[in-house]
Amino acid sequence: MLRHPTIDKLQLLKLPAMVNALKDQHGLAEAAALSFEERLGLLADRELTERANRRLALRLRQAKLHQSAALEDLDTRTPRGLDKALIVLLATCQWIAEHLNVLICGPTGIGKSWLACALAHKAAREGHSVLYARLPRLLADLELARADGRYAKLMTALAKVEVLVLDDLAMAPLSDAHRRDLLELIDDRYQRHSTIVTSQLPVAKWHQAIGEPTLADAILDRLVHNAYRINLSGRSIRERKKLTQTDPAE
């Protein structure tokens, strides 16, 4: 007799997972054999799990990750210079707590963006806010934001993200405004939050690619010296997949 009023009260309290768990327990012999505290504990566990899942789903939607990637699916068998010990270390997400960066370099198709998204996905699973952006597009958005009055608000939002992925650094020449925006962004995040950067160029060539020496010095000083580096090499994974699909004997 009390089951329906109890469900109504749980719904009023906005505990939908507990409602579903209570319905699942009803009529089960296994549940009837449990003590009140055990059954209540199972209801609470269900609610906590469902809330954690909803929060994770929201973080992943807000992250806008370019690829669906998870570190558990990382291919460590294909030779491309992956340091397995470093990947295990990064999977702990301690680098985020220490406000360190991750720099991923390598040729086209080697898996830089995938790995960046996998690290970001792991960060989201650990409760951190995450955002993915292709750097050329983000710099263009900042230019538009300056023109229509959204610049300060957008920069503030970017500064607050705990793990920001900047994909494709130095894909195209930077204008002076782009260099200054990049410095502003990196400076806002320096020693506060973590940034993942990918580039086809090795770190040693970033200074020249950024352009203006003074701004390049300032950007790299805040980005490089407190970062883990991953240098990928080898044949393009996309090319290997195409060859495998067209020639099964290879």
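The values are calculated or read from the model by the stated rules, or taken from the named source; none is laboratory data. Not measured: the values here are computed from a predicted model. All Cβ positions, even for glycine, are placed from backbone atoms using ideal geometry, and neighbour counts span all protein chains on display.
Which residue pairs have Cβ atoms closer than 8 Å, lie 6 or more positions apart in sequence or on different chains, and pair a first residue in segment 202-221 that is surrounded by fewer than 13 Cβ atoms within 10 Å (Cβ to Cβ) with a second residue that is among the polar types (S, T, N, Q) and not in a loop (DSSP other than H, G, I, E, B)?
So the pair list comes out as Pro202/Asn231.
For segment 169-228, name all the residues that are basic (Lys, Arg) and farther than 24 Å from Cys93 by Cβ.
Residues satisfying the conditions are Arg179, Arg180, Lys205.
Go through the residues of segment 79-89 one by one and say whether even a single one is at pLDDT below 80 and either of a type outside the set (A, V, I, L, M) or in the same structural domain as Gly234 (by TED's automatic domain parsing) (or both).
Residues of segment 79-89 that are at pLDDT below 80, as a first pass: 79.
With the extra rule that they be either of a type outside the set (A, V, I, L, M) or in the same structural domain as Gly234 (by TED's automatic domain parsing) (or both), the set shrinks to 79.
Yes.
Counting only residues that are among the hydrophobic types (A, V, I, L, M, F, W, C), out of contact with any Phe, Trp or Tyr (no Cβ under 8 Å at 6 or more places or on another chain) and surrounded by fewer than 12 Cβ atoms within 10 Å (Cβ to Cβ), give me the helices (runs of 4 or more DSSP H) lying completely in segment 1-98 with at least 1 of them.
Details: elements: 3-12, 16-25, 29-32, 36-63, 84-91, 94-97.
Of the helices (runs of 4 or more DSSP H) lying wholly inside segment 1-98, those with at least 1 residues that are among the hydrophobic types (A, V, I, L, M, F, W, C), out of contact with any Phe, Trp or Tyr (no Cβ under 8 Å at 6 or more places or on another chain) and surrounded by fewer than 12 Cβ atoms within 10 Å (Cβ to Cβ) span 3-12, 29-32, 36-63, 84-91.
Condition check: at pLDDT 95 or above and not aliphatic (A, V, I, L, M). Does Glu98 satisfy that?
yes
Only residues that are within 16 Å of Ser236 (Cα to Cα) and out of contact with any strand residue (DSSP E or B) (no Cβ under 7 Å at 6 or more places or on another chain): list them for segment 103-120, please.
Pro107, Thr108, Gly109, Ile110, Gly111, Trp114
Please go through segment 167-184 and pick out each residue that is under 26 Å from Gln67 (Cβ atoms), outside any strand (DSSP E or B) and in contact (Cβ under 8 Å) with a residue 40 or more places away in the chain. Before you say what the answer is, go through the steps one by one.
First, the residues of segment 167-184 that are under 26 Å from Gln67 (Cβ atoms): 167-172, 174, 178, 181-182.
Now restrict to residues that are outside any strand (DSSP E or B): 170-172, 174, 178, 181-182.
Correct list: Ala170, Asp181, Leu182.
Pairs only if they're at least six apart or on different chains, beta carbon under 9 angstrom, first in segment 71-86 and farther than 16 Å from Ser236 by Cβ, second loosely packed, with under 12 Cβ neighbours inside 10 Å and modelled with pLDDT of 90 or more; list them, first residue then second.
What qualifies is Thr76/Lys84.
So that you can scan it fast, the table gives a plain yes or no per residue for (1) under 13 Å from the mean Cα position of the chain (by Cα); (2) within 30 Å of Ala177 (Cβ to Cβ); (3) of a type in the set (Val, Ile, Thr):
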{"site": "Leu56", "(1), (2), (3)": "yes, no, no"}
{"site": "His66", "(1), (2), (3)": "yes, yes, no"}
{"site": "Asp75", "(1), (2), (3)": "no, no, no"}
{"site": "Arg80", "(1), (2), (3)": "no, no, no"}
{"site": "Gly106", "(1), (2), (3)": "no, yes, no"}
{"site": "Gly109", "(1), (2), (3)": "no, no, no"}
{"site": "Arg125", "(1), (2), (3)": "yes, no, no"}
{"site": "Leu131", "(1), (2), (3)": "yes, yes, no"}
{"site": "Met155", "(1), (2), (3)": "no, yes, no"}
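If I go through segment 147-163 residue by residue, how many of them are under 13 Å from Glu184 (Cβ atoms) and either among the hydroxyl-bearing types (Ser, Thr, Tyr) or not in a helix (DSSP H, G or I) (or both)?
2
Being among the hydroxyl-bearing types (Ser, Thr, Tyr) and closer than 25 Å to Arg125 by Cβ narrows it down to one of Thr156, Thr214, Thr198, so name that one.
Working: Thr156 fails: closer than 25 Å to Arg125 by Cβ; Thr214 fails: closer than 25 Å to Arg125 by Cβ.
Step by step, each of Thr156, Thr214, Thr198 is checked, and only Thr198 is among the hydroxyl-bearing types (Ser, Thr, Tyr) and closer than 25 Å to Arg125 by Cβ.
Within the group Glu50, Glu37, which residue is touching a residue at least 24 places away in the same chain (Cβ under 8 Å) and among the charged types (D, E, K, R)? Spell out how you get there, then give the answer.
On the way: Glu37 fails: touching a residue at least 24 places away in the same chain (Cβ under 8 Å).
Glu50 is the lone residue from the list that is touching a residue at least 24 places away in the same chain (Cβ under 8 Å) and among the charged types (D, E, K, R).
For segment 185-233, name all the residues that are in a helix (DSSP H, G or I) and hydroxyl-bearing (Ser, Thr, Tyr).
Pass one, segment 185-233, residues in a helix (DSSP H, G or I): 185-189, 203-210, 213-223.
Answer for segment 185-233, where residues must be in a helix (DSSP H, G or I) and hydroxyl-bearing (Ser, Thr, Tyr): just Thr214.
Looking at Arg137, is it buried (at least 18 other Cβ atoms within 10 Å of the Cβ), free of Cβ contacts under 8 Å to residues at least 60 places away in the same chain, out of contact with any His (no Cβ under 9 Å at 6 or more places or on another chain) and among the basic types (Lys, Arg)? Talk me through it step by step, then tell me what you get.
Values: buried (at least 18 other Cβ atoms within 10 Å of the Cβ): no; free of Cβ contacts under 8 Å to residues at least 60 places away in the same chain: yes; out of contact with any His (no Cβ under 9 Å at 6 or more places or on another chain): yes; among the basic types (Lys, Arg): yes.
Taking the combined requirement at face value, the residue does not satisfy it.
Does Leu10 satisfy the criteria of being within 27 Å of Arg125 (Cα to Cα) and not assigned by TED's automatic domain parsing to the domain that holds Arg125? Write out each step before concluding.
Details: within 27 Å of Arg125 (Cα to Cα): no; not assigned by TED's automatic domain parsing to the domain that holds Arg125: yes.
Answer is no for this residue.
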